[in-house]
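Take a look at the structure below.
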Amino acid sequence: MIGFLYGQTEYNILKSAMRLEDYVNKAKLYGYKSLSITDHNMYGHYKFYNLCLKNGIKPLIGVELYYKSFDDKKDKIIVYALNDTGYMEILKLSSIDKLEGKIFSLEELSKFENVIFISTFESEWYRTNDLNVLYDKYKMLKHFGIGLSFAGQSLLSQSNLLYEFATKNNIKIYPISPTLYDTLEDFDAYEALCLIASEKPMSYFDFHLKNLRDLEDEYFMHEEVFKNYEELVTESSVTIFKVKKSLPKFNTGLNTSSAEYLQSLCQKGLERRYSYSHVADLKKYKERMNYELSVIHSMGYDDYFLIVWDYVRYAKKAGIMVGPGRGSAAGSLVAYCLGITNVDPLRYNLLFERFLNPERVTMPDIDMDFPDNKREDVINYVKSKYGDYRVCTISAFGTFQVKSSIRDIGRALKIKSQDIDIITKLAAKASDFDTFLSDYRENKEIYKLLTVAKKIENLPRTITTHAAGIIISDDDLTNNVPLQKGSTDLYQSQLDSHDLADLGLLKMDFLGITNLAIIDSICSSIPNLNNITIQNIPLDNEHTYELLRKGDTDGIFQLESEGIKKVLVKLKPTSFNDLVAVLALYRPGPMDNIDEFILRKHGKSFSYLHPDLEPILKETYGIIVYQEQIMQICVRFAKMSLAEADILRRAVSKKDKQLLTKNREKFVGGAVKNGYEKKVADDIYDYIVKFANYGFNKSHSVAYSIISYHMAYFKANYFALFMAKYLNSVLGNVSVIENKLMYSRRRGINVLPPNINVSCEYFVTKGNDLIYPLTGIQQIGFQIAKQIIAERENGSFKSLNDFKERLPQINKNVIEALIYSGAFDSFNVTKKMMLSQSDPLESIFSNELKSELKNISGELSADELRLGERKYLGFNIQYDLFKNMEYLQKQYNAIPFSKRAINYNSRIIVEFLNIKEIKTKKGDYMALGIAFDGKTSLKLVIFPNAYMKIKKMLKTDELYLTTGRLVKSSVTNEYEYQLDDILEKIR
């Protein structure tokens, strides 16, 4: 049998250009009976294993490790599992490697006896001639072989020497022919990856995937390697078994089963939820709860619910807000009784079977939302409860995208930066990359750049962490999964979420939601104003619906896009159900029904296909909006169970012709049997098919509408506080903060600059005032802000000198930032005077400084004040060049860039930035720069005739009334402002 033992794939990130699927498919085409994987990790081994089995190839599961050679080098060795125990040993070895950055000793490796270690050409075996002494040291390994490679001329001599030595000493020798890319033409992709990783590619070696004949020719004088290879393939037998039981058994702490404990908790929760309410039919709730519990128990998920209940309980006890629900779990009354969700499923007519279907066995999926600044607290609780090796995060992979990778490859290939910039911009605008590529066929350098970018498209570039997923296991994870260091204190699976799910490990999603952090922060502040809590916010608040009807939803969860604002304005929502419908409809596909939905809400007449549809579709004006409505129609007309209805809904949504026909027969047959005419049944089935793709999960829509409504409520009723908390969530994003502060001013809020005796680490409110934080000033991070605030507890700062004496560790740059930002304005001293005293090492009482101060009078110029404030805040609060801009535009009959007509002369008020004079090919002078109208920045072009006329007037940081045209550049395809004249300086 012919084969090799050093296959490395795309998951050997930035070291191999061999796509995993191509590797296996090409090997099958070439006739390989077995195939190896030895990446320096185990990211791709499970995918490789399954691909091989699918293609009738025996997989050899291995890994590359570093070990310490006897000449004190960090060498590479490859390790293959010989059996299932060996596979577990490889999992352990890879986990140790990735968790500890381990360089193993041979003594440590010798403890693993169900694997075979094979030397590589990057080891001491290819550096020494004293092979007898070397081999004596390797005898401690139970299974060891010498790897031979003829990938390059420089290896020939030593490979022949190793062959003779191994033959003489009866040591197994193996073909390791390293494989890192598909064909010889793919070397450039491998080279680029190495250069991007700042590593030198091994250009003098041939690492392409060889066909069997070429591989046989490579070892034609050493054919024994294939005999040994065949023995290894025959002896090696690894099966990766699915995990049968992955969830921990929940410890109730009582002498009761998980099912009994869950039932007890639910009973108490039901009584707590409804003891003070006016539920007309509590019996109905009890029946639904008991039904759900029976399904949960029959499917073996009692422990699952208890595990989720436990960490949700911890979060609530720790004062961590928990989201109202997410996904179909909001349709579970058990989840509601346990406090996992905060949505009453019977009140909103939500269906349990949409979440957990007893006739379609799948793992439950309860995803939980927490404030993004407290999510880690909950995860750490889970880790402490179940143990370090039973809880882990999940790997994900950032990949090369063909257009965005051009810059990476260009730098690696040392192409001029200006050429890379141009190509990157043009590629980003290209609708068809292949056509774009062909346009550069004559330019060898650029053509190579683009060709390589295409070759490495979708290859892994970085290893990242799944945004929300956490694995909780009943067993030490390293028995089933290789681990590595994660981005947090938790270990991380080397496998991605798809592989983990296929293995049978259960993922739980812990999502960090910024909007919950905003709501949480508001709620903690409101008790000082009113007795409102998140639990008693009324869902019929008129101020809230008035805000929604205006589309004034900036900063509100799910409602910030311009498109959805327009929908709200047209719809004019008057109830919570309207908001639920909007979130369900505002998606590709269902959007087509929005206009009809709005017309019907406002009185347009419509009829139902059959009167029995009215109770189901009345709340959505005869339009199927929710998946649950499809299920209810199946139950009402075809007498299906809700579980059967959910299966039909899923099948129909796939639009598979065979499934559509099969389910039509089932639906129509059931409906006819239930007393409906066949034509009516057919028409209703067609109606279901039409909307099956568009129906949205109502449980999710209700849960997320609660978050949207709560944010709208706070914005409508506590506007200043809402804006402060929202701005705190975007600290550091200067453009967003500037935009929202302008908006706040338009809404009547007084935006105050930083104040050394009032400002905090975050935005705070005082009445109708919004006070800028210290951390919003350049040069001032949280550490400095905390020092200032701590010292302020000892009394307000009286003067700059008082500040310097009490905080001598604060340097001159920070003091200047505080001066220019306005933080010291309360001292009633000019900024000019304070800047002269900004050195913390100088005392105001020194004779030298006293003498200097006598000669300082007046204040900085308006430009200096404006530029200084902008430098340290990123924009202007007190000295805004664009203050009252709308008034100025009316006064001067000017328009903003956003309202201009293309290629027509317009009067526009602008500020000039980054003006640069250049010389044309004819020898004339012109200018380039940026024109800013207070909201939009465009490239500024001033051609020679105009430039000669206005050159002396042209200054930055002043406001001008100009005339000019907006033109689309033929080079960059972007709009630019071609200035004709400056009519007047305004400021």
- Any chance R870 is without any contact (Cβ under 8 Å) to a residue 12 or more places away in the chain and either assigned to a strand (DSSP E or B) or surrounded by 16 or more Cβ atoms within 10 Å (Cβ to Cβ) (or both): yes
- Note on the structure: Taking first residues from the stretch 812-833 that are assigned by TED's automatic domain parsing to the domain that holds S796 and under 11 Å from L800 (Cβ atoms) and second residues anywhere that are among the β-branched types (V, I, T) and in a helix (DSSP H, G or I), the pairs with Cβ under 6 Å that are 6 or more apart or on different chains are K831/I819
- Message: For the list (1) modelled with pLDDT under 80; (2) in a loop (DSSP other than H, G, I, E, B); (3) farther than 25 Å from L774 by Cα; (4) among the aliphatic types (A, V, I, L, M), I need the number of the one condition that L881 fails.
- Response: (3)
- For the stretch 593-632, name all the residues that are within 41 Å of the chain's Cα centre (by Cα) and of a type in the set (S, T, Y). T620, Y621, Y626
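Quick grid of which residues meet (1) under 17 Å from L617 (Cβ atoms); (2) crowded, with 21+ Cβ neighbours inside 10 Å; (3) touching a His at 6+ places or on another chain (Cβ under 7 Å); (4) of a type in the set (D, E, K, R):
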site	(1), (2), (3), (4)
S561	no, no, no, no
K565	no, no, no, yes
L571	no, yes, no, no
A581	yes, yes, no, no
L585	yes, yes, no, no
L599	yes, no, no, no
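From the list R664, R636, R649, which one is in contact (Cβ under 8 Å) with a residue 24 or more places away in the chain and surrounded by fewer than 20 Cβ atoms within 10 Å (Cβ to Cβ)? Explain how you work it out, then say what you get.
Details: R664 fails: in contact (Cβ under 8 Å) with a residue 24 or more places away in the chain; R649 fails: surrounded by fewer than 20 Cβ atoms within 10 Å (Cβ to Cβ).
R636 is the lone residue from the list that is in contact (Cβ under 8 Å) with a residue 24 or more places away in the chain and surrounded by fewer than 20 Cβ atoms within 10 Å (Cβ to Cβ).
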- Query: Which of the residues belonging to the stretch 469-484 are in contact with a helix residue (DSSP H, G or I) (Cβ under 6 Å, 6 or more places away or on another chain) and among the charged types (D, E, K, R)?
  - Reply: D476
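I need the helices (runs of 4 or more DSSP H) fully contained in the stretch 676-775, keeping only those with at least 1 residues that are within 30 Å of Q632 (Cα to Cα).
Fully inside the stretch 676-775 and qualifying: 678-692, 698-717.
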- helices (runs of 4 or more DSSP H) lying entirely in the stretch 210-302 (those with 1 or more residues that are out of contact with any Pro (no Cβ under 9 Å at 6 or more places or on another chain), under 23 Å from K172 (Cα atoms) and among the polar types (S, T, N, Q)): 224-235
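Of everything in the stretch 577-618, what is assigned to a helix (DSSP H, G or I) and at pLDDT below 95? Give them in sequence order.
Selection gives P590, M591, D592, N593.
Would you confirm, using the coordinates I've provided, whether D434 is modelled with pLDDT of 90 or more and part of a helix (DSSP H, G or I)?
Criteria not met by D434.
Looking at the stretch 629-647, is at least one residue touching a Lys or Arg at 6+ places or on another chain (Cβ under 9 Å) and either assigned by TED's automatic domain parsing to the domain that holds N357 or among the basic types (K, R) (or both)? Outline the logic, then answer.
So in the stretch 629-647, the residues touching a Lys or Arg at 6+ places or on another chain (Cβ under 9 Å) come out as 629-631, 634, 638-640, 642-644, 646-647.
Imposing the further condition that a residue be either assigned by TED's automatic domain parsing to the domain that holds N357 or among the basic types (K, R) (or both) reduces the set to 639.
Checking the stretch 629-647: at least one residue is touching a Lys or Arg at 6+ places or on another chain (Cβ under 9 Å) and either assigned by TED's automatic domain parsing to the domain that holds N357 or among the basic types (K, R) (or both).
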- Message: If I filter the stretch 42-55 for residues that are over 28 Å from the mean Cα position of the chain (by Cα) and on the phi > 0 side of the Ramachandran plot, do I get at least one hit?
- Response: no
- Note on the structure: Considering residues that are more than 13 Å from I171 (Cα to Cα) and out of contact with any helix residue (DSSP H, G or I) (no Cβ under 7 Å at 6 or more places or on another chain), the number found within the stretch 117-128 is 4
- Qualifying residues in the stretch 30-68 (those that are of a type in the set (G, A, S) and buried (at least 22 other Cβ atoms within 10 Å of the Cβ)) - the one nearest to G7 (Cα to Cα): S36
- Can we say G319 is assigned to a loop (DSSP other than H, G, I, E, B), within 39 Å of the chain's Cα centre (by Cα) and surrounded by fewer than 13 Cβ atoms within 10 Å (Cβ to Cβ)? yes
- Task: Go through the residues of the stretch 723-731 one by one and say whether even a single one is surrounded by 19 or more Cβ atoms within 10 Å (Cβ to Cβ), in contact with a Phe, Trp or Tyr (Cβ under 7 Å, 6 or more places away or on another chain), among the aromatic types (F, W, Y) and at pLDDT 95 or above.
- Result: no
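The values are calculated or read from the model by the stated rules, or taken from the named source; none is laboratory data. Keep in mind that what you see is a predicted model, and the values were worked out from it rather than measured. Every residue, glycine among them, receives a Cβ derived from its backbone with ideal geometry; neighbour counts consider all protein chains shown.
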